[in-house]
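Reading through the structure tokens given below for one structure.
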Amino acid sequence: MADQLTEYLEGDALYHQLLVQTVRGTEQPVMTLGALLENVKMLRWNGASLDAGQRAQLAAVEDRLSDAGRVWRQQWQSLLRREYKALLDTWQWYLDDAAHEERAREDYASEAQTRTRLALVAQELEGDPASEGLRARLANLDQRLRGMLRGASYVGPRGEESHYPPAQNWWLYGAPAGNR
């Protein structure tokens, strides 16, 4: 993703399809700034398992991200705002379904990833006045989810509980119940 960051920022598409050769064959991840930032965050968290060369590569990627965010500031923020809105739409549709459909509620652990990405994108846009309406919309959706959430079991990425404390990532602790 980092190798195609400039190409991505020069374009206008929110989603950028990649073709990546791995040991498992060709994979086709979709790049957004949120996805890239999320991947870098996960790599940083798992830095102890990286060798010296991989840590150097990660540091170089982080430097490229920082430079791109500064040089392409307007496009960077514009793409993040578009991703924020798209994620909010997806999250709202999920909450609509979860309010009435057991099957949707059963998928909460995987769907909560959208809310987690929303937190990352929102953090990246912190202080951006053009995102005020998006932040208000997220607050309304959070209020709705809080009214639906039951239990306290962690449903986030396996083995990552220490990176998602409940005070900051409350949506990863519990599952929605339907409308009564």
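A few remarks follow.
- Selection status of R81, in contact with a strand residue (DSSP E or B) (Cβ under 6 Å, 6 or more places away or on another chain) and charged (D, E, K, R): no
- Restricting region 79-125 to residues that are of a type in the set (F, W, Y) and over 24 Å from S66 (Cβ atoms), the residue that is surrounded by the fewest Cβ atoms within 10 Å (Cβ to Cβ): W93
- Pairs, first outside the structural domain of E83 (by TED's automatic domain parsing) in region 14-25, second in a loop (DSSP other than H, G, I, E, B), C-beta under 7 Å, six or more apart: L14/T32; Y15/T32; Q17/Q28; L18/M1; L18/Q28; L18/P29; L19/Q28; V20/P29
- Taking first residues from region 67-94 that are free of Cβ contacts under 8 Å to residues at least 12 places away in the same chain and partners that are surrounded by 16 or more Cβ atoms within 10 Å (Cβ to Cβ) and of a type in the set (A, V, I, L, M, F, W, C), the Cβ contacts under 9 Å between residues at least 6 apart in sequence or on separate chains come to G69/L33; G69/W76; R70/W76; V71/L9.
- Checklist (1) touching a residue at least 12 places away in the same chain (Cβ under 8 Å); (2) closer than 23 Å to T32 by Cβ; (3) in contact with a helix residue (DSSP H, G or I) (Cβ under 9 Å, 6 or more places away or on another chain) applied to D97, failing item: (1)
- Taking the listed residues Q92, Q77, the one that is of a type outside the set (A, V, I, L, M), more than 19 Å from E38 (Cβ to Cβ) and within 17 Å of the chain's Cα centre (by Cα) is Q92, with no other qualifying.
- Residues located in region 20-39, provided they are assigned to a loop (DSSP other than H, G, I, E, B) and either of a type outside the set (S, T, N, Q) or within 11 Å of the chain's Cα centre (by Cα) (or both): V23, R24, P29, T32
- Some residue of region 36-56 being assigned by TED's automatic domain parsing to the domain that holds Y164 and under 30 Å from R150 (Cβ atoms): no
- Odd one out for D63 among (1) more than 15 Å from K41 (Cβ to Cβ); (2) among the charged types (D, E, K, R); (3) outside the structural domain of E10 (by TED's automatic domain parsing): (3)
- All positions within region 23-46 that are at pLDDT below 90 and surrounded by 12 or more Cβ atoms within 10 Å (Cβ to Cβ): P29, N46
- Count of region 124-155 residues, restricted to those that are closer than 16 Å to W170 by Cα and either in contact (Cβ under 8 Å) with a residue 24 or more places away in the chain or assigned to a helix (DSSP H, G or I) (or both), is 15.
The values are calculated or read from the model by the stated rules, or taken from the named source; none is laboratory data. Predicted, not measured: the structure shown is a model, and the values here were computed from it. Every residue, glycine among them, receives a Cβ derived from its backbone with ideal geometry; neighbour counts consider all protein chains shown.
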